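K.L.:
Sharing a structure with you now.
Nothing in this text is a laboratory measurement; each read-out follows from the coordinates by a stated rule. Note that the structure is a prediction, hence the values are computed from the model and not measured. Glycine also receives a Cβ, built like all others from the backbone with ideal geometry; neighbour counts cover every protein chain displayed.
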Amino acid sequence: MNARIPSRRAERGITLVEVLIAVVVMTTGILALGRVIPSALRGSQSDRMMTQANGYAQEKMEDLQTLVWSDPLIADGRHPAGGTNEPIGSNGQWQRHYDVVTMAAPLDNLRKITVTVEWNYQGPHSVTAISYLRR
């Protein structure tokens, strides 16, 4: 019986050039991921802070909507008065103020309430919530 002996050509492995090409492709992919991950983390942090700021604005808006028309907390003007802001959050990272304006006739039974929450994360940011309160 003639048993076939595998030829040397059938036992070829991976060449050095193929290994180098694979290393270059994998390195390029890893470097690309290294640039994407920090950017995604910054975006995630920014989104988390915006969500928190929206929550603070909504919280204040709900508190103000329970007040009666004659309450001084919803008198026309900026609250707190002057250019100050109310620090909020566990470390005062967010600042909040609200403005109240009584609408002109024939809508003088409405007050426009604008709550603004500001914070600084890689630059200044703010969110605004607007609602109307009826007499």
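K.L.:
Given the rule -39500 (n - 2.57) for each run of at least 4 DSSP H residues, summed and divided by the residues of the chain, what is its mean residue ellipticity at 222 nm, to the nearest 500 deg cm²/dmol?
P.N.:
Rounded to the nearest 500, it is -13500 deg cm²/dmol.
K.L.:
Right, here's the next one. Given R₀ = 30 Å, what would the calculated FRET efficiency be for Glu18 paired with Arg42, taking r from the Cβ atoms and rounding to 0.05?
P.N.:
Working: r = 38 Å, r/R0 = 1.27.
It comes out at approximately 0.20.
K.L.:
I would also like to ask the following. Can you give me the angle between helix 16-64 and the longest principal axis of the chain, using Cα atoms only, in degrees from 0 to 90, rounded to the nearest 10?
P.N.:
Compared with the principal axis, the helix lies near 10 degrees.
K.L.:
Moving on to the next point. If amide hydrogens are placed 1.01 Å from N in the peptide plane, which non-local residues have theirs closer than 5 Å to the one on Trp94?
P.N.:
Amide H neighbours of Trp94, under 5 Å, 5+ apart: Ile88.
K.L.:
Another question, if that's okay. Give the residue from Gln93, Thr15, Tyr56 lying farthest towards the positive end of the charge dipole for the chain; charges sit on Cβ (+1 for Lys and Arg, -1 for Asp and Glu) and the dipole is referred to the Cα centre.
P.N.:
Thr15
K.L.:
Just name one of Trp119, Pro72, Thr102: the one whose Cα is farthest towards the positive end of the charge dipole of the chain (beta-carbon charges, Lys/Arg +1, Asp/Glu -1).
P.N.:
Working it through, the farthest residue towards the positive pole turns out to be Trp119.
K.L.:
Same structure, new question: Just want to confirm a number: the relative contact order over the chain, from Cα pairs under 8 angstrom separated by 6+ residues, in percent.
P.N.:
Numbers: 145 pairs, mean separation 25.6, N = 135.
RCO, the chain: 19 percent.
K.L.:
Taking R0 as 41 Å, what FRET efficiency do you get between Thr28 and Asn120 from their Cβ-Cβ distance, rounded to the nearest 0.05? All intermediate terms of the calculation are to be shown ahead of the outcome.
P.N.:
Working: r = 37 Å, r/R0 = 0.89.
The computed FRET efficiency comes out at 0.65.
K.L.:
Calculate the spin-label point distance for Met50 paired with Ala104, positioning each point 7 Å from the Cα along the beta-carbon direction, and give it in nanometres.
P.N.:
So the two model labels end up 3.4 nm from each other.
K.L.:
Arg134 versus Ala81, label points 7 Å from Cα toward the beta carbon: distance in nm?
P.N.:
Roughly 3.2 nm, to one decimal.
K.L.:
Turning to a different aspect of this structure: Kindly give the semi-axes, whole Å and largest first, of the ellipsoid equivalent to the chain, taking each as the square root of 5 times a Cα gyration tensor eigenvalue.
P.N.:
Working: eigenvalues 912, 51, 25 Å².
After scaling each eigenvalue by five and taking roots: 68, 16, 11 Å.
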